[in-house]
Amino acid sequence: MSTYEQEELWRSAKALVNDKAVQAVLQRLQDRNVADWMGSSPEASAKRDDAYHMVRAIAAFRDELTALAAEPSVMQFNRRLNRA
């Protein structure tokens, strides 16, 4: 990936992290799945498992998006450490 493409990817990731609509959608999905998880009957283990896995997937997506958006800052910090 070229430097320009990498920088464009970082900018896009940062825009998504800071986008209120994206964050609202992710929060709605998480809230809905937590409610399904907590409100499921004891016999509905498959439904609980699905909701749990969705909450974990949403968290993983958020974490990876945040990490991608922070990559330029991390790389810059590391370069400063290497110079010292």
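In region 12-26, what residues are farther than 21 Å from residue 54 by Cβ and surrounded by fewer than 16 Cβ atoms within 10 Å (Cβ to Cβ)?
Those that are farther than 21 Å from residue 54 by Cβ and surrounded by fewer than 16 Cβ atoms within 10 Å (Cβ to Cβ): 12, 15, 18, 20.
Please give the number of the condition residue 9 fails out of (1) modelled with pLDDT under 95; (2) loosely packed, with under 11 Cβ neighbours inside 10 Å; (3) part of a helix (DSSP H, G or I); (4) not acidic (Asp, Glu).
Exception for residue 9: condition (2).
So for region 18-31 (the condition being part of a loop (DSSP other than H, G, I, E, B) and without any contact (Cβ under 8 Å) to a residue 12 or more places away in the chain), does at least one residue qualify?
yes
Determine which single condition residue 36 fails, assuming it passes every other condition in (1) assigned to a helix (DSSP H, G or I); (2) modelled with pLDDT under 95; (3) surrounded by fewer than 14 Cβ atoms within 10 Å (Cβ to Cβ).
(3)
Could you please tell me which pairs satisfy a Cβ distance under 9 Å, a separation of 6+ or placement on different chains, a first residue in region 38-59 that is farther than 12 Å from residue 26 by Cα, and a second residue that is of a type in the set (Asp, Glu) and not in a loop (DSSP other than H, G, I, E, B)?
Filtered contacts from region 38-59: 47/36; 48/36; 50/36; 51/36.
The values are calculated or read from the model by the stated rules, or taken from the named source; none is laboratory data. Everything quoted here is computed from the prediction, not taken from an experiment. Positions of Cβ are backbone-derived with ideal geometry, glycine not excepted, and every protein chain shown enters the neighbour counts.
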